[in-house]
Amino acid sequence: MLKINYIHFGFAILLFLIINGCDNNITGNIAQEDINENDVKISAYFCPRHDCEAEIIEKINNAEKTVHCAFYDLNLNDLISAITKKSSSADVRVIIDTENYDGQIKGNNIKIAKTNAKMHNKFCVIDGNIVLTGSTNPTNNDAHKNNNNLIMINSDYIAENYEDEFNELWDGIYSNGNNVKYNKIHTPIGQIENYFCPEDCALENNEGLYRIIELIRNAESSVKIASFSFTHEELADELLKADIKGINISVLVEARQRNVQNSQYARLKDFGLNIRIDGNKNNMHNKFIVIDNKIVVTGSPNFSFSGFNRNDENMLIIFNKELALGFVKEFDRLFEEGETI
């Protein structure tokens, strides 16, 4: 016999009304000229299941003109050697966050990002038409032990966006600067949206965090989130509302981060969401969302206030079913290895 817990049901309705009453400030009213690009390719790799280090080195070895990279951390010796070697035949420049620089790579074309926030990016722009990004720091742990994703995009417009961002960082402009030039790009393989935080990632005006919440709000079947750190309350609110509407919500967080200040793990678990901590004895370092098995949100920001509002970060939203299914497969594998405690 079907039984209904009226207390829990009533509390869920109350929660829905309270949360819905707290988002009147979310508005999306910025229109942007449509940009179209035909010859765009996207590939995804999942470390350590794939050899992410080898993929990055291959792209750098094949560079003909430029290699411009912004790394929060760097300690892969073979990659450092590849960067050093390539500097003899191409314009190679690298920025590293001050928190992780210990002289591992030197030269006139190395800059240290000295900022009160983190220069948390992990991207390279190669030859003005290839972008490498995602959650993977080029370190031994991130490439060979931690769970991460690496995205490679062949796109002139996306590369121009990242080149602009790199030049701002090179000029010492951190966590600030101009808004992204080409925010939405229409391609034969799906729309790609590009954001640099914090300047493009506000919870308003159709910017990065607003777009994530909007996409979750419009989800038709499922939302899967894998995040090293998940402390963003407004994002958690939207997941609770989606769960009440019957959307299948699954969340995976790094075990070591479940009890940090403002962690949403216990809150989401207590409201009955399907949430787990990862089973990797090292770290689950991903920061991605898959919506309805067809939209992927990924990049360098953790789902936290600092990720969207403080640190210098980059993010992509990609509408492509084939790419999304690759992320779903990786999520399901990691989720199966996880547990709820």
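Results, tabulated for the structure shown:
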| quantity | calculated |
| --- | --- |
| For the range 97-102, Karplus couplings with θ = phi - 60° (6.51, -1.76, 1.60), whole Hz, Gly/Pro x | 4, 4, 5, 10, 8, 9 |
| Ranking by accessible area, most exposed first, for His50, His232 with a 1.4 Å probe | His50, His232 |
| Antiparallel DSSP beta bridges within the range 83-204, as percent of all bridges there, nearest 5 | 70 percent |
| Within the accessible area of the range 139-258 (1.4 Å probe), percent carbon and sulfur | 37 percent |
| Rounded FRET efficiency, nearest 0.05, which uses the C-beta distance separating Phe305 from Lys114 and R0 of 35 Å | 0.95 |
| Per-residue HN-Hα couplings for the range 287-300 [Karplus 6.51, -1.76, 1.60; θ = phi - 60°; Hz; x = Gly/Pro] | 9, 9, 10, 10, 10, 6, 6, 8, 10, 10, 10, 7, x, 8 |
| Prolate/oblate/rounded call for the range 208-265, Cα gyration tensor, a/c under 1.5 rounded | prolate |
| Residues with amide H under 5 Å from that of His120, placed H, sequence gap 5 or more | Asp312 |
| Per-selection Rg to Rh, the range 297-341 - Cα, Kirkwood hydrodynamic radius | 1.08 |
| Global geometry of the chain, whether rounded, prolate or oblate, following the gyration tensor of its Cα atoms and the 1.5 cut on a/c | prolate |
| The chain: relative contact order in percent, alpha carbon pairs under 8 Å with at least 6 residues between | 19 percent |
| Entries in Lys111/Lys287; Lys241/Lys287; Lys224/Lys321; Lys245/Lys329; Lys59/Lys118; Lys224/Lys329 that, when Cα-Cα distance is taken, lie over 18 Å | Lys111/Lys287; Lys241/Lys287; Lys245/Lys329; Lys59/Lys118 |
| Qualifying lysines (Cα of each under 22 Å from Cα of Lys181; at least 8 residues distant if same chain) | Lys41, Lys122 |
| Percent RCO, i.e. relative contact order, over the range 190-313, from Cα pairs under 8 Å lying at least 6 residues apart | 32 percent |
| Whether the range 67-146 is rounded, prolate or oblate, judged on the alpha carbon gyration tensor where a/c under 1.5 counts as rounded | rounded |
| For the range 135-277, the spread of Cα positions along each principal axis, largest first, Å | 45, 36, 29 |
| Per residue solvent-accessible surface (Å²) - the chain, probe of 1.4 Å | 44 Å² |
| Amide H contacts of Lys111 (H built 1.01 Å from N, under 5 Å, at least 5 apart or other chain) | Val94, Ile95, Ile96 |
| Acute angle (nearest 10 degrees) that the helix 77-86 long axis makes with the longest principal axis of the chain, alpha-carbon atoms | 50 degrees |
| Potential extension, Glu37-Glu64 segment - 0.36 nm per residue separation minus Cα distance | 7.5 nm |
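The values are calculated or read from the model by the stated rules, or taken from the named source; none is laboratory data. Source: prediction; values computed, not measured. Note: ideal-geometry Cβ built from the backbone for every residue, glycine included; neighbour counts use all protein chains shown. What goes into the accessible areas is simple: the full protein's heavy atoms, side chains included, and nothing from ligands, DNA or RNA. Shrake-Rupley method; radii C 1.70, N 1.55, O 1.52, S 1.80 Å.
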